[in-house]
Amino acid sequence: MKRRPSANRIVLVLGGARSGKSAYAEARALAMRKAPRHALYLATAEAGDKEMAARIAAHRARRGSAWTTHEEPLDLAGAIAKHAGPGAPILVDCLTLWLSNLMHARADIAAETRRLCAGLARAKGPVVLVSNEVGLGIVPDNKLAREFRDHAGRLHQRVAETARDVVFVAAGLPLALKGKTK
């Protein structure tokens with residue numbers, strides 16, 4: 001089903017691990033803000049161990065004071081509806097961690113994807129979403145990993161239909177797949 005891109009600025013940023021996608025998305029979201037407003041960082045990660053807690057702390061330190069962070073591991077559509085506003089961009093980092101959380105909670109992935117896309121289409125302000133592109137490698141050797149890869153691919157397709165811009169980042173370099181990179 002083809003969705004009409006949102007009149008708002010919805011941007012999907014895809015890339016591999018350590019590709020530079022988060023830094024690119026952060027800069028893109030800050031460029032959309034109307035000063036002196038803060039940008040909202042919707043974090044989907046949960047610190048399940050010391051290593052993940054250190055990653056979260058490093059991300060927070062890199063972002064600095066221009067950001068307000070809200071942790072939302074499951075209800076992205078609700079958080080976007082609650083916080084989206086003109087001139088106050090939202091950065092969602094990241095959709096693949098959100099997907100992992102949904103799978104762990106045994107949520108209906110298709111229903112949550114529809115709910116997210118509907119929420120993005122109604123968002124009253126810009127939203128930049130970051131996600132790991134996991135479908136470019138070998139076919140995973142186990143059922144759970146294959147299900148995750150398949151869900152991620154379908155999620156990316158649906159969000160890309162809704163988004164105005166879709167950018168792939170590799171080696172820190174943005175490539176526009178849809179729309180523009182700035």
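The values are calculated or read from the model by the stated rules, or taken from the named source; none is laboratory data. Quick caveat, the model's predicted, so the values are computed rather than measured. Cβ coordinates were reconstructed from backbone atoms using ideal geometry, including for glycine residues, and neighbour counts include every protein chain displayed. In case anyone asks, the SASA skips ligands and DNA or RNA and just uses the protein heavy atoms, side chains included. Shrake-Rupley method; radii C 1.70, N 1.55, O 1.52, S 1.80 Å.
Placing dummy labels 7 Å off each Cα toward the beta-carbon, the span from ALA105 to ALA118 is 1.6 nm. Within the shell of other residues whose beta carbon sits under 13 angstrom from the beta carbon of ASP75, the net charge comes to -1, with Lys and Arg scored +1 and Asp and Glu -1.
Beyond 18 Å between alpha-carbons counts as too far, so tell me which of LYS34/LYS178; LYS34/LYS124; LYS21/LYS182; LYS82/LYS182 fall in that bin. If you can, show how the numbers build up before the last one.
On the way: LYS34/LYS178 24 Å; LYS34/LYS124 14 Å; LYS21/LYS182 14 Å; LYS82/LYS182 26 Å.
Table pairs above 18 Å Cα-Cα are LYS34/LYS178; LYS82/LYS182.
What FRET efficiency comes out for VAL139 versus ARG37 if R0 is 41 angstrom and r is the Cβ-Cβ distance? Round to the nearest 0.05. It comes out at approximately 0.40.
GNM remark for the chain: springs join alpha carbons under 10 Å apart, and the peak mean-square fluctuation among HIS59, HIS83, HIS151 falls on HIS59.
Only helices enter the 222 nm calculation for the chain: every DSSP H run of n ≥ 4 contributes -39,500 (n - 2.57), and dividing by all residues gives -13500 deg cm²/dmol, rounded to 500. Checking [x] 1.00; [y] 0.93; [z] 1.12 against the coordinates, the calculated Rg/Rh (Cα atoms, Kirkwood Rh) falls under label [y].
Where both partners of a DSSP beta bridge lie in region 1-111, what percent of those bridges are antiparallel, to the nearest 5? Please list the in-between numbers first.
Values: 1 of 10 bridges.
The answer is about 10 percent antiparallel.
Computed on the chain, with alpha-carbon pairs under 8 angstrom and 6+ residues apart, the relative contact order is 37 percent.
Note on surface exposure: ASP93, ASP75 rank ASP75, ASP93 by accessible area, highest first, 1.4 Å probe.
Taking the protein heavy atoms of region 114-176 in the context of the full set of protein chains, the accessible area attributed to carbon and sulfur is 59 percent at 1.4 Å. Got a sec? Charge dipole of the chain, +1 on Cβ for Lys and Arg, -1 for Asp and Glu; which of ALA35, ALA53, SER22 is way out at the positive end? Projecting each Cα onto the dipole axis, the largest value belongs to ALA35.
For THR69 and ALA171, the difference between the fully extended length at 0.36 nm per residue and the C-alpha to C-alpha distance is 34.1 nm.
Please report the antiparallel percentage of the DSSP beta bridges confined to region 26-182, to the nearest 5.
Working: 6 of 19 bridges.
Among the beta bridges of region 26-182, antiparallel pairing accounts for roughly 30 percent.
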